[in-house]
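The values are calculated or read from the model by the stated rules, or taken from the named source; none is laboratory data. Everything numeric in this text was worked out from a predicted model, so none of it was measured. Here the Cβ positions follow ideal geometry from the backbone for every residue, glycine too, while neighbour counts run over all protein chains shown.
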Amino acid sequence: MNTLLAIFIGGGLGSVMRFGISSLVTSNFKHINPVGTLTSNIISTVVLGAILFFTTDKFIISSNLKALLVVGFCGGFSTFSTFSYETFELIRSGNYFFAAANLLVSIFLGVGVLFILARSI
(Lines give C-alpha, C1' and ligand atoms only; values in the text may rest on other atoms or scores of the structure.)
Protein backbone atom coordinates (compact mmCIF):
# COMPACT_ATOMS: atom_id res chain seq x y z
CA MET A 1 0.00 0.00 0.00
CA ASN A 2 1.25 3.47 -0.83
CA THR A 3 2.24 5.49 2.25
CA LEU A 4 0.12 8.48 1.20
CA LEU A 5 -2.91 6.24 0.74
CA ALA A 6 -2.30 4.69 4.17
CA ILE A 7 -2.15 8.15 5.78
CA PHE A 8 -5.29 9.19 3.87
CA ILE A 9 -7.25 6.15 5.08
CA GLY A 10 -6.00 6.49 8.66
CA GLY A 11 -6.76 10.21 8.72
CA GLY A 12 -10.30 9.62 7.52
CA LEU A 13 -10.91 6.92 10.12
CA GLY A 14 -9.44 9.10 12.88
CA SER A 15 -11.53 12.10 11.87
CA VAL A 16 -14.73 10.05 11.88
CA MET A 17 -13.84 8.67 15.33
CA ARG A 18 -13.16 12.20 16.63
CA PHE A 19 -16.50 13.41 15.31
CA GLY A 20 -18.30 10.47 16.93
CA ILE A 21 -16.60 10.89 20.31
CA SER A 22 -17.16 14.65 20.30
CA SER A 23 -20.80 14.23 19.34
CA LEU A 24 -21.37 11.72 22.13
CA VAL A 25 -19.65 13.80 24.79
CA THR A 26 -21.10 17.19 23.86
CA SER A 27 -24.57 16.25 22.61
CA ASN A 28 -26.38 17.87 25.56
CA PHE A 29 -24.49 21.18 25.47
CA LYS A 30 -25.59 24.26 23.57
CA HIS A 31 -22.38 26.27 23.83
CA ILE A 32 -18.67 25.59 23.36
CA ASN A 33 -17.61 22.56 25.34
CA PRO A 34 -14.01 21.43 24.91
CA VAL A 35 -14.52 18.11 26.72
CA GLY A 36 -15.18 16.24 23.47
CA THR A 37 -11.96 17.50 21.94
CA LEU A 38 -10.05 16.80 25.16
CA THR A 39 -11.43 13.25 25.22
CA SER A 40 -10.44 12.64 21.59
CA ASN A 41 -6.99 14.10 22.12
CA ILE A 42 -6.33 11.97 25.21
CA ILE A 43 -7.60 8.77 23.57
CA SER A 44 -5.44 9.56 20.55
CA THR A 45 -2.43 10.03 22.84
CA VAL A 46 -3.10 6.68 24.50
CA VAL A 47 -3.34 5.03 21.06
CA LEU A 48 -0.09 6.73 20.02
CA GLY A 49 1.64 5.60 23.21
CA ALA A 50 0.40 2.03 22.69
CA ILE A 51 1.63 2.04 19.08
CA LEU A 52 5.03 3.33 20.17
CA PHE A 53 5.16 0.72 22.94
CA PHE A 54 4.21 -2.21 20.74
CA THR A 55 6.32 -1.23 17.74
CA THR A 56 9.68 -1.12 19.45
CA ASP A 57 11.49 -4.45 19.70
CA LYS A 58 8.41 -6.43 20.66
CA PHE A 59 6.48 -6.25 17.40
CA ILE A 60 7.60 -5.02 14.03
CA ILE A 61 4.98 -3.53 11.73
CA SER A 62 5.34 -2.23 8.22
CA SER A 63 6.14 1.43 7.64
CA ASN A 64 2.81 1.82 5.81
CA LEU A 65 0.82 0.46 8.76
CA LYS A 66 2.76 2.68 11.15
CA ALA A 67 2.05 5.69 8.89
CA LEU A 68 -1.65 4.74 8.77
CA LEU A 69 -1.86 4.51 12.57
CA VAL A 70 0.52 7.25 13.78
CA VAL A 71 0.32 9.97 11.14
CA GLY A 72 -3.11 9.17 9.72
CA PHE A 73 -5.32 7.83 12.51
CA CYS A 74 -3.78 9.66 15.48
CA GLY A 75 -3.38 12.83 13.40
CA GLY A 76 -7.03 12.72 12.33
CA PHE A 77 -8.32 11.64 15.74
CA SER A 78 -6.55 14.39 17.66
CA THR A 79 -6.96 18.03 16.75
CA PHE A 80 -5.01 21.09 17.69
CA SER A 81 -7.10 23.42 15.55
CA THR A 82 -10.37 22.54 17.30
CA PHE A 83 -8.63 22.76 20.69
CA SER A 84 -7.39 26.24 19.72
CA TYR A 85 -10.80 27.34 18.44
CA GLU A 86 -12.66 26.15 21.52
CA THR A 87 -10.14 27.82 23.84
CA PHE A 88 -10.40 31.05 21.83
CA GLU A 89 -14.21 30.96 22.00
CA LEU A 90 -14.09 30.40 25.77
CA ILE A 91 -11.86 33.46 26.13
CA ARG A 92 -14.02 35.53 23.77
CA SER A 93 -17.16 34.65 25.72
CA GLY A 94 -15.52 35.64 29.03
CA ASN A 95 -15.03 32.11 30.37
CA TYR A 96 -11.41 32.75 31.35
CA PHE A 97 -11.30 30.11 34.06
CA PHE A 98 -12.53 27.38 31.71
CA ALA A 99 -10.19 28.56 28.95
CA ALA A 100 -7.20 28.38 31.31
CA ALA A 101 -8.37 25.01 32.66
CA ASN A 102 -8.74 23.70 29.10
CA LEU A 103 -5.20 24.80 28.25
CA LEU A 104 -3.63 23.36 31.37
CA VAL A 105 -5.55 20.10 31.49
CA SER A 106 -5.11 19.43 27.76
CA ILE A 107 -1.38 20.06 27.76
CA PHE A 108 -0.47 18.42 31.05
CA LEU A 109 -2.80 15.44 30.69
CA GLY A 110 -1.83 14.85 27.05
CA VAL A 111 1.91 15.08 27.64
CA GLY A 112 1.58 13.27 30.97
CA VAL A 113 -0.23 10.30 29.44
CA LEU A 114 2.35 9.97 26.69
CA PHE A 115 5.19 10.33 29.23
CA ILE A 116 3.74 7.57 31.43
CA LEU A 117 3.23 5.25 28.45
CA ALA A 118 6.65 6.04 26.97
CA ARG A 119 8.42 5.26 30.25
CA SER A 120 7.43 1.64 29.89
CA ILE A 121 9.12 1.33 26.47
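Scanning the stretch 34-85 for residues that are of a type in the set (S, T, N, Q) and under 16 Å from the mean Cα position of the chain (by Cα) yields Thr37, Thr39, Ser40, Asn41, Ser44, Thr45, Ser78, Thr79, Ser81, Thr82, Ser84. Of all residues in the stretch 55-89, those being over 24 Å from Asn102 (Cα atoms), assigned to a helix (DSSP H, G or I) and of a type in the set (Phe, Trp, Tyr) number 0. Here Leu117 clears all of (1) over 30 Å from Leu5 (Cβ atoms); (2) surrounded by 12 or more Cβ atoms within 10 Å (Cβ to Cβ) except the condition numbered (1). Each residue in the stretch 1-36 was checked for being at pLDDT below 90 and of a type in the set (S, T, N, Q), and 6 of them qualify.
Among the residues of the stretch 79-98, are any in contact with a Lys or Arg (Cβ under 9 Å, 6 or more places away or on another chain) and either among the polar types (S, T, N, Q) or buried (at least 18 other Cβ atoms within 10 Å of the Cβ) (or both)? Checked the stretch 79-98: at least one residue is in contact with a Lys or Arg (Cβ under 9 Å, 6 or more places away or on another chain) and either among the polar types (S, T, N, Q) or buried (at least 18 other Cβ atoms within 10 Å of the Cβ) (or both).
Under the condition of being among the β-branched types (Val, Ile, Thr) and free of Cβ contacts under 8 Å to residues at least 60 places away in the same chain, which residue from the stretch 83-110 is nearest to Pro34 (Cα to Cα)? Within the stretch 83-110, the match that is nearest to Pro34 (Cα to Cα) is Thr87. Identify, please: which residue in the stretch 24-54 is over 21 Å from Ala100 (Cβ atoms) and among the hydroxyl-bearing types (Ser, Thr, Tyr) and is, among those, surrounded by the fewest Cβ atoms within 10 Å (Cβ to Cβ)? Among those residues, the one meeting the criterion is Ser27. Set side by side, the residues Ile60, Ile21 differ, and just one is surrounded by 12 or more Cβ atoms within 10 Å (Cβ to Cβ) and either closer than 28 Å to Arg119 by Cα or in contact with a helix residue (DSSP H, G or I) (Cβ under 7 Å, 6 or more places away or on another chain) (or both), which is Ile21.
Considering the stretch 22-54, the residues that are assigned to a helix (DSSP H, G or I), of a type in the set (A, V, I, L, M, F, W, C) and free of Cβ contacts under 8 Å to residues at least 24 places away in the same chain include one that is nearest to Ser81 (Cα to Cα), namely Val35.
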